[in-house]
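Inspection log for the structure reproduced underneath, given as structure tokens.
The values are calculated or read from the model by the stated rules, or taken from the named source; none is laboratory data. Values in this document were obtained by computation on a predicted structure and should not be read as measured data. For neighbour counting, all protein chains shown are included, and Cβ atoms are generated from backbone atoms with ideal geometry for every residue, glycine included.
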Amino acid sequence: AQTVTQSQPEMSVQEAETVTLSCTYDTSESDYYLFWYKQPPSRQMILVIRQEAYKQQNATENRFSVNFQKAAKSFSLKISDSQLGDAAMYFCAYRNYGGATNKLIFGTGTLLAVQP
Amino acid sequence: GAVVSQHPSRVICKSGTSVKIECRSLDFQATTMFWYRQFPKQSLMLMATSNEGSKATYEQGVEKDKFLINHASLTLSTLTVTSAHPEDSSFYICSARDQGRGGYTFGSGTRLTVV
């Protein structure tokens, strides 16, 4: 069974600085998707970034980028120029490739605080 | 973008009563809907996967007779918590796969309090 591990329960970053959130996963599949979701205090889940395992190029979305190391099964999220609005719980998630019913498997989350 | 509307956002009910939570996909057809439960400061725990027109698939340990899921149309899935107990108090979130765009969209969640 696939598992997702986030080893940092809490992180803190100064406004305008850069922070990296860690995520590792375990799977025997070769094709899959990885995601980072943000859950602010409103508790609305928001997709931050998505990576297809077959793509070697790391995904980027504005200030958010990932470091995808397939052999190491590592998928970290880098937030550059941190803003107060980035403060939230961040979840790493995994999904097998293909199949509409394939479920998302979430990590335990990292609570990010942004200090002004 | 794709929107999933979840109602109610908050509900308080008495022990022994039933509560229904609705999730509607507003601008896409959701053949599959996922129902999660989240305790404070914890991750999302998948409870069940519902498919339009068929029975839901429940995760191990989730009581199917207690958490009734109905996915009668391509735009509506409901979760009914039957004979609610205080330990059912939690945050419930639905998520739908937008096959057209390939992503997952989440509802805004329902905070259930059973008194």
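Considering the range B:87-106, and only residues there that are modelled with pLDDT of 95 or more and either over 19 Å from A:Tyr94 (Cα atoms) or over 15 Å from the mean Cα position of the chain (by Cα) (or both), the residue that is farthest from the other protein chains (Cβ to nearest Cβ) turns out to be B:Glu87. Taking the listed residues B:Thr105, B:Thr82, B:Thr110, the one that is over 30 Å from A:Glu10 (Cα atoms) and of a type in the set (Val, Ile, Thr) is B:Thr82, with no other qualifying. All conditions in (1) within 22 Å of B:Gln42 (Cα to Cα); (2) more than 14 Å from chain B (Cβ to nearest Cβ); (3) of a type outside the set (A, V, I, L, M); (4) under 10 Å from the mean Cα position of the chain (by Cα) hold for A:Asp86, with the sole exception of (4). Collect the residues in the range A:28-50 that are of a type outside the set (Gly, Ala, Ser) and in a loop (DSSP other than H, G, I, E, B), keeping them in residue-number order. Within the range A:28-50, A:Glu29, A:Asp31, A:Pro40, A:Pro41, A:Arg43, A:Gln44, A:Met45 qualify. Residues in the range A:1-27 that are in a strand (DSSP E or B) and either among the polar types (S, T, N, Q) or in contact with a Gly (Cβ under 9 Å, 6 or more places away or on another chain) (or both): 8 in all.
Might you check whether a residue that is in contact with a Lys or Arg (Cβ under 9 Å, 6 or more places away or on another chain) and within 14 Å of chain A (Cβ to nearest Cβ) occurs anywhere in the range B:73-86? Within the range B:73-86, one or more residues are in contact with a Lys or Arg (Cβ under 9 Å, 6 or more places away or on another chain) and within 14 Å of chain A (Cβ to nearest Cβ).
Which of the residues spanning the range A:58-82 are exposed (fewer than 12 other Cβ atoms within 10 Å of the Cβ) and over 24 Å from B:Asp98 (Cβ atoms)?
A:Ala71, A:Ala72, A:Asp81 - these are the residues of the range A:58-82 that are exposed (fewer than 12 other Cβ atoms within 10 Å of the Cβ) and over 24 Å from B:Asp98 (Cβ atoms).
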